[in-house]
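The values are calculated or read from the model by the stated rules, or taken from the named source; none is laboratory data. Remember, it's a predicted structure, so these values are computed and weren't measured experimentally. FYI the Cβ positions are ideal-geometry reconstructions off the backbone, even for glycines, and counts take in every protein chain you see. When the accessible area is computed, the model is the full protein with side chains, heavy atoms only, and any ligands, DNA or RNA have been set aside. Shrake-Rupley method; radii C 1.70, N 1.55, O 1.52, S 1.80 Å.
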Amino acid sequence: YSKTYNKYANDVIVGVIPACEAIKLACQRYLSWFDRDDIYFDEEDVEKKIRFIYLMKHSTGQHNGKHFKLLPWQSWCVANIFGFKYIDTHLRVINNVFIMISRKAGKTAFAAALGLCCAIADGENNAEIELVANSRQQANICFQMCNNFAESLDPKKKFIRRKRSVLEIPRTKSTVQVLSSDAMGNDGYNSSCYILDEFHAAKDWSLYNVMKSSQG
């Protein structure tokens, strides 16, 4: 377990890192997948994503100007999301991700970093990254963090350009944009990745269902 994300999972299971039963079960599942015959772990892709996130710099608080160095649990999340792929198709096993984080633990910044990963470092042209929340104001917070990270990656704006509530990456024709919280107004999108911030406070599943169907 030399890699940070693998060591984190093992440390949770053996009790070195205190964790609830749900996290322990998630770590057990993660490590058990290395023994499956139908999937493999793409370490190169995981390390690529971690290096890409490290290039981003924080813009607020005590970490202002510092590189985004993932904590062990964050790198474990990245490994879970991007690491496991099917042998026959090379497609990712994980397509739905629910990350529940306590307040003031950097959830929106982490979500913004993952969104930029999917927009820029995932090898997909015409990628659509949608940022949605229970209110447009909350979604704009995530977008502003995406924008700040983008500026730290490309301060001269040669490759990433902002137009109001949209970040455009012309080279790959990809976008990161904020959508209205009105679920009925989000039909017609073709999301390759969407981030639904503060989902625990949602009144129902309508917004989730509309965004999930956009990935069909």
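Toward the positive end of the charge dipole of region 123-216, with +1 on the Cβ of Lys and Arg and -1 on the Cβ of Asp and Glu, the farthest Cα among Phe149, Leu131, Leu179 is that of Phe149. When Met145, Met56 are compared by accessible surface with a 1.4 Å probe, the order from highest to lowest is Met145, Met56.
Note that region 85-92 has calculated 3J(HN,Hα) couplings of 9, 6, 5, 7, 10, 6, 7, 5 Hz, one per residue in order, obtained from phi through the Karplus relation 6.51 cos²θ - 1.76 cosθ + 1.60 (θ = phi - 60°); glycine and proline are x.
As a length-normalised measure over Cα pairs under 8 Å and 6 or more apart, the relative contact order of region 26-122 settles at 29 percent.
With a Förster radius of 30 Å applied to the beta-carbon distance between Thr172 and Ser213, the computed FRET efficiency rounds to 0.80. Using a ≥ b ≥ c from the Cα gyration tensor of region 83-124 (square roots of the eigenvalues), is it rounded, prolate or oblate, where a/c under 1.5 gives rounded and otherwise the larger of a/b and b/c decides, a/b for prolate? In terms of gyration-tensor shape, oblate.
By the Cβ-Cβ criterion of under 4.7 Å, the unpaired cysteines of the chain are Cys20, Cys27, Cys77, Cys117, Cys142, Cys146. Need one word for region 8-108: rounded, prolate or oblate. Basis is the Cα gyration tensor (sqrt eigenvalues a ≥ b ≥ c); a/c below 1.5 gives rounded, then a/b vs b/c decides. Because a/c hits 1.5 or more and a/b fails to exceed b/c, region 8-108 counts as oblate.
Residues Tyr5, Tyr208, ordered by accessible area of protein heavy atoms at a 1.4 angstrom probe radius and largest first, appear as Tyr208, Tyr5. Normalised per residue, the accessible area of region 51-101 is 62 Å², obtained with a 1.4 Å probe and no contribution from ligands, DNA or RNA. Between the beta carbons of Asn96 and Lys158, assuming R0 = 41 Å, the FRET efficiency works out to 0.75 to the nearest 0.05. Rolling a 1.4 angstrom probe over region 1-141 with all protein chains present gives an accessible area of which 52% lies on carbon and sulfur atoms. Rounded to the nearest 500, the 222 nm mean residue ellipticity of the chain from helices alone is -13000 deg cm²/dmol, with -39,500 (n - 2.57) taken per DSSP H run of at least 4 residues. Each Lys and Arg contributes +1 and each Asp and Glu -1, all at the Cβ; summed about the Cα centre of the chain, the dipole is approximately 1000 debye.
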